[in-house]
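The values are calculated or read from the model by the stated rules, or taken from the named source; none is laboratory data. Just so we're clear, the structure is a prediction, and the values are computed from it rather than from any experiment. Heads up, the Cβs are rebuilt from the backbone with ideal geometry, glycines too, and the neighbour counts pull from every protein chain shown. With ligands, DNA and RNA removed, areas are computed over all heavy atoms of the protein, side chains included. Shrake-Rupley method; radii C 1.70, N 1.55, O 1.52, S 1.80 Å.
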Amino acid sequence: MEDIGIETTEAALNEMRERKRSRRAAIGAGVAAIAGFAFGAGRPAEAQTAVSDFDILNFALNLEYLEAQYYTLAYQGVTIDKVGIGITGPGGAPGGAIIVRSNPIVPFTTPLLKQFASEVAAEEAIHVTFLRTALGSAAVAQPEIDLMNSFSALASAAGLGSGFDPFASELNFLLGAFVFEDVGVSAYLGAVGLITAPPYLDAAVGLLGTEGYHSATIRSRVFALGAAAQQAATAISATRAKLDGTGNDDVGLGVTSSGASTIACADANGLAFARSTAQVLGIVYGGGTGKGAFFPGGLNGNIR
């Protein structure tokens, strides 16, 4: 297996930025608009007594830290701070530790999947930077993130056995990504109705779209691997619905008795599911209260 170092990580990020230069120019304009609205109107997050748009974006930032770390470790074997992505908080508060096995690089054998992992790692890292830039000094630090015990507990709860390692194989990597991306889509969809300022809303919708692309690709790849992979994904889907307290707002993968495929995570009206912040926390905390699973110490910020 090729050992891909930090230099290659930085090169991949630079290549991604160059290929998407026009897109990033538009994103930069959006960040400027957000920053101008936020600070020009004198609305720093710490001055808010109720849940603010800043609080919602910080909630999203916590989730983006999780995804960015997962993909960057899977593809490159290093944490995002090693490639220049900020993880500190107000006043220089340090970012939390990452609990992960040694040498987490996934042994990719499928070129397309490795290319996908490279792109998503770069995009999720860019999402972190985008939100941190928009939030400015109000951006929360990265919380402690567990990418070992969390997956083992989730797999056990889903009936897939204990000791699940998302970095052990391509299938495991896809199933780990399956956990995150569907939750990210539902979280952003649930958040857009709470955001009051148009610049923030534009940002959330743009992030939602990208997470939707990621989710669709992952679900399609898992579906293509056959019945066993589909059943594992469906068990994870059912566990997510149980953890968020609804029991019915998630769709797994498979083929119905009539031969119709179930790939998209959509309801009877063909609409994506939305989750409240409390429902999202129920999943990422593994059913815990205030902390647990992927965030052993809880999220940072006012929504936690």
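Annotations for the structure displayed:
- Residues in region 180-196 that are surrounded by fewer than 18 Cβ atoms within 10 Å (Cβ to Cβ) and either farther than 22 Å from F54 by Cβ or in contact with an Asp or Glu (Cβ under 7 Å, 6 or more places away or on another chain) (or both): T196 only.
- For region 165-174, the set of residues classified as in a loop (DSSP other than H, G, I, E, B) and either among the basic types (K, R) or open to solvent by 60 Å² or more (accessible area, probe 1.4 Å) (or both) is empty.
- Looking only at region 291-304, and only at residues there that are of a type in the set (G, A, S) and either in contact (Cβ under 8 Å) with a residue 12 or more places away in the chain or assigned to a helix (DSSP H, G or I) (or both), the one that is least open to solvent (accessible area, probe 1.4 Å): G298
- Residues within region 97-112 that are surrounded by 20 or more Cβ atoms within 10 Å (Cβ to Cβ) and not aliphatic (A, V, I, L, M), tallied: 2
- Region 276-290 residues that are in contact (Cβ under 8 Å) with a residue 40 or more places away in the chain, paired with ones that are among the β-branched types (V, I, T) and open to solvent by less than 50 Å² (accessible area, probe 1.4 Å) (beta carbon under 6 Å, 6 or more apart): T277/I303; I283/V183
- Members of region 201-237 found to be among the charged types (D, E, K, R) and farther than 17 Å from P166 by Cα, listed by number: D202, E211
- Of the criteria (1) at positive phi; (2) open to solvent by less than 10 Å² (accessible area, probe 1.4 Å), which one Q142 fails: (1)
- Condition check for A177: hydrophobic (A, V, I, L, M, F, W, C), assigned to a helix (DSSP H, G or I), under 14 Å from the mean Cα position of the chain (by Cα) and crowded, with 18+ Cβ neighbours inside 10 Å: yes
- Candidates are the residues of region 243-269 that are in contact (Cβ under 8 Å) with a residue 40 or more places away in the chain and not β-branched (V, I, T); the one that is surrounded by the fewest Cβ atoms within 10 Å (Cβ to Cβ) is A264.
- Residue in region 207-226 that is surrounded by fewer than 17 Cβ atoms within 10 Å (Cβ to Cβ), in a helix (DSSP H, G or I), at pLDDT below 95 and out of contact with any helix residue (DSSP H, G or I) (no Cβ under 7 Å at 6 or more places or on another chain) present: no
Conditions (1) closer than 19 Å to E67 by Cα; (2) outside any helix (DSSP H, G or I); (3) open to solvent by 10 Å² or more (accessible area, probe 1.4 Å), marked per residue:
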{"position": "F116", "(1), (2), (3)": "yes, no, yes"}
{"position": "T129", "(1), (2), (3)": "yes, no, yes"}
{"position": "L135", "(1), (2), (3)": "yes, no, no"}
{"position": "F151", "(1), (2), (3)": "yes, no, no"}
{"position": "G163", "(1), (2), (3)": "no, yes, yes"}
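- The set of residues in region 72-91 being open to solvent by 20 Å² or more (accessible area, probe 1.4 Å) and either of a type outside the set (K, R) or part of a loop (DSSP other than H, G, I, E, B) (or both) consists of Y75, G77, V78, T79, D81, G84, G86, I87, T88, P90, G91.
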